[in-house]
Structures are given as structure tokens and as C-alpha cells.
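The next block holds one structure in the form of C-alpha cells; read it before the comments.
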Amino acid sequence: MQVLVLEQWWRMVVAEFGDVAPGPAETLVEVLATGICGSDIHGYTGENGRRRPGQVMGHETVGRVLEHGDAAAYSSLPAGTVVTLNPVVGCGACAACTRDAEQACPQRTVIGVAPDIPAAFAERMIAPTRNLVPLPEGAAWELGALVEPLAVGYHAARRGSCGPDDAVLVVGGGPIGQACVLAAWRLGASAVAVSETNDARRQLLDELGTVTIDPSAGELKRQAVSRLGRRPTLVIDAVGSEPTITAALEIADVGARVVLVGMAQPHIPLSAYRISTEERTLIGSFCYTSAEFRETAEWIATAPQPLDRLIEGRVDLAGAPDAFEALARGTAAASKVLVYPNGLTIGAA
């Protein structure tokens, strides 16, 4: 089978791998489409230290069940079932796993990040059966590749206790920022706005019905108050850099919550004064619980927004290396690009 390999930093190649077969508690999945995540781009350039040369990456995926290692799994996931993959694998025994919070498991493994596990930029992949989630009836199969990033945004908004009384500002309008905006709406926030410098991303968010702010057009705090009607009670930083977290702490209302979900910089200096004297709460957010992932998979069938608009690029394996380079260099017009390992003409079950 063919796979996409990170041969070295800044170089992706299509390679041949041997056939794979599922073991006990595993399932062989035909990969329909896999999204290129921002963390994949950081791994491609070598800047985040979370990927390794020789690795097959990919964790935002949708596929079709081919066969199980255990016959019993066919009763709930028969061959042909279209599924998405929760890539977070917990140990199954610790306190976090017993409360379905595998993202907090000290021994967790993330498929697509762990270098020793061939992941979803491949024609087929092996996945833990318990981590496969069937798509709901009526959901377009392509949206299965969006469940993972949408669940990241949903968890971030929930970590910030987002609710109807909140005015929410999302800093950064990339795929995770878009997911945070959708999550804030999903949780009933009274007002939502997003700050984004990129014109194309603001246009996409405008088309989704979001209030957008161009931070280069004037003071961000003034614009946020004008568009939200008040200072934000919840700010979600979907970038994670020194300038964005500084802006979030400056703009947030007294007593507000600030959620950090972006990971652009591993180390960021913070204004302790702004946190303590105005009694703000700074909250970290990583990915999602298994329940939030499943809830998001169900939600895509009923979402009022046209979620397929979030997909702005589609390539096959042969086109994936160029897509990675364009995204890494910032020359790509698309924000979210899906890779179709079995070809762009493949259809849903």
C-alpha cells in the first residue's frame, strides 16, 4: 500500500509499505480522507519536536471499516461502516481513563503523533477498535475528517465554561479558531467574534456568519468591545504565541476566563499582574474527552452551519508533498486541506 512519509524536515514522499492486518482489539480501515493539521505542519518543519523523520503522520481522518481482528466487533461496526478516529489512546486503567478523560492519561499515546505508529496519511491503517466512532446517519462522509479539530474547539470552549451569558472573543481564525467559534455558538454564547489577520480566513468566517475583526485595522480591544457590545468574558487563544496571549489578557474583562489552546510557541512569558490584579483565570486546553469526541461526531449531522465550507483544499497522495510545503511557507490559499490516499474520486459507502 502507499503511504505519505516524512522523509526529513521539509520533505514528504510517497512510499510503498507492506500490507497490514489487524490484531486483537484492532480494526483495518480504508482511509478516505485525512486533514493536514497545524501540528502536522509544525512536525513537517521540525519546529515542534513532536514528529520524527521516517514517520507516517495523520490524525484528522475518516475511513471505512475493512476487517476486524476480533469477530465480535462486527456486530457494532460491520465492514463498510464509515468511521472517524479518536486518535487519543489511553492506558485504560488510570483514574483519567476510568472517567473517560484519556487526554489526561499520563501514559496516553496519540496516533499520528507517536512516531512508531503508522497513521492516517496512508491508503489503509490499523486503529484500536474502541477508538473508532461511526458517523451518524445523514452526515456527509467527508465531514468525518473534521470531527477531530471540531472536538478540539468544543473542548476548549467547555474548558472555558462557555455559556449563554458569555461574550466570546476567539484569537486566531485558522482551523482550530474556526472550531472554537462553532463551539461557542454550539454552547449558546450570547456574542462571538474572532480576530484574524488573514483576509481569506476572515472571508470564510464571514460566510459562516461570524463577526470578524482585523487586528491590523485598529486597536483590537476597541474593536472587540464595539463588535461584542462589551469586553469579552471568555477569550480563547487559538494561536498560542506571545503576542496573542498578551492581547487576550489585555482585552479580557475583569474576572474573565482565558483559554490557551493554540501551540505556536512552547514557552510564553505572561503578565502575572494582569492575571492576578484583575482576577482572570488562565486555562489550558489540549484536545477532548472521548465523550466530547463522540458528541461532536453526532453534531456534524445537525450543525446549522455548512461545515463542508471549512474544507478549502483537496489533494491525492501525489499532491500532498506540495500541499505541505505550501501550507508551511504560507503560500497556500486554503486553510484546511484534506488528503485522499485512495484518490480524489473515491466515494462514500
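Structure above, values below:
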item: Candidates T296, T302 - the one that is open to solvent by 60 Å² or more (accessible area, probe 1.4 Å), polar (S, T, N, Q) and under 20 Å from the mean Cα position of the chain (by Cα); result: T302
item: Residue selected from the range 305-331 under the condition under 18 Å from W10 (Cβ atoms) and not in a helix (DSSP H, G or I), by the criterion farthest from the chain's Cα centre (by Cα); result: T331
item: Leading residue by the ranking (surrounded by the most Cβ atoms within 10 Å (Cβ to Cβ)) among those in the range 4-30 that are more than 28 Å from A264 (Cβ to Cβ) and among the aliphatic types (A, V, I, L, M); result: V29
item: Residue among V56, V62, V88 that is in contact with a Lys or Arg (Cβ under 9 Å, 6 or more places away or on another chain), modelled with pLDDT of 95 or more and β-branched (V, I, T); result: V88
item: Residues that are more than 18 Å from I176 (Cα to Cα) and of a type outside the set (K, R), drawn from the range 40-54; result: Y44, T45, G46, E47, G49, P53, G54
item: Residue in the range 271-289 that is at pLDDT 95 or above, touching a helix residue (DSSP H, G or I) at 6+ places or on another chain (Cβ under 7 Å) and open to solvent by 50 Å² or more (accessible area, probe 1.4 Å) present; result: yes
item: Pairs, first open to solvent by less than 40 Å² (accessible area, probe 1.4 Å) in the range 186-215, second basic (K, R) and not in a helix (DSSP H, G or I), C-beta under 9 Å, six or more apart; result: A191/R230
item: Long-range neighbours under 9 Å by Cβ, at least six apart or interchain, first residue of a type in the set (S, T, N, Q) within the range 243-270, second assigned to a helix (DSSP H, G or I) and open to solvent by less than 20 Å² (accessible area, probe 1.4 Å); result: Q265/I245
item: Lone qualifier among G58, G46 - being closer than 17 Å to P128 by Cα and open to solvent by less than 40 Å² (accessible area, probe 1.4 Å); result: G58
item: Test: residue in the range 110-132 that is in a loop (DSSP other than H, G, I, E, B), over 30 Å from G319 (Cβ atoms) and under 21 Å from the mean Cα position of the chain (by Cα); result: no
item: Inter-residue pairs, beta-carbon under 8 Å, first without any contact (Cβ under 8 Å) to a residue 60 or more places away in the chain and in the range 62-73, second assigned to a helix (DSSP H, G or I), 6+ apart; result: D70/T129; A73/T129
item: Top-ranked residue in the range 1-49 [being part of a loop (DSSP other than H, G, I, E, B) and of a type in the set (V, I, T); ranked as modelled with the lowest pLDDT]; result: V20
item: Output for the range 251-279, where each listed residue is of a type in the set (D, E, K, R) and under 24 Å from L182 (Cα atoms); result: D253, R257
item: Options I117, I111, I176: the member that is more than 21 Å from L307 (Cα to Cα) and crowded, with 23+ Cβ neighbours inside 10 Å; result: I111
item: Unique match (being more than 23 Å from V3 (Cβ to Cβ), at pLDDT 95 or above and part of a strand (DSSP E or B)) among V168, V83, V152; result: V168
item: Flag if T84 is open to solvent by less than 20 Å² (accessible area, probe 1.4 Å) and either in contact with a Phe, Trp or Tyr (Cβ under 7 Å, 6 or more places away or on another chain) or touching a residue at least 12 places away in the same chain (Cβ under 8 Å) (or both); result: yes
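Let's see how each residue does on (1) under 21 Å from the mean Cα position of the chain (by Cα); (2) in a loop (DSSP other than H, G, I, E, B); (3) surrounded by fewer than 21 Cβ atoms within 10 Å (Cβ to Cβ):
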residue	(1), (2), (3)
R52	yes, yes, yes
L66	no, no, yes
Y74	no, no, yes
A79	no, yes, yes
G92	no, yes, yes
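The values are calculated or read from the model by the stated rules, or taken from the named source; none is laboratory data. Please read all numbers here as calculations on a predicted model, not as lab measurements. All Cβ positions, even for glycine, are placed from backbone atoms using ideal geometry, and neighbour counts span all protein chains on display. SASA here: full protein model, heavy atoms, side chains in, ligands and nucleic acids out. Shrake-Rupley method; radii C 1.70, N 1.55, O 1.52, S 1.80 Å.
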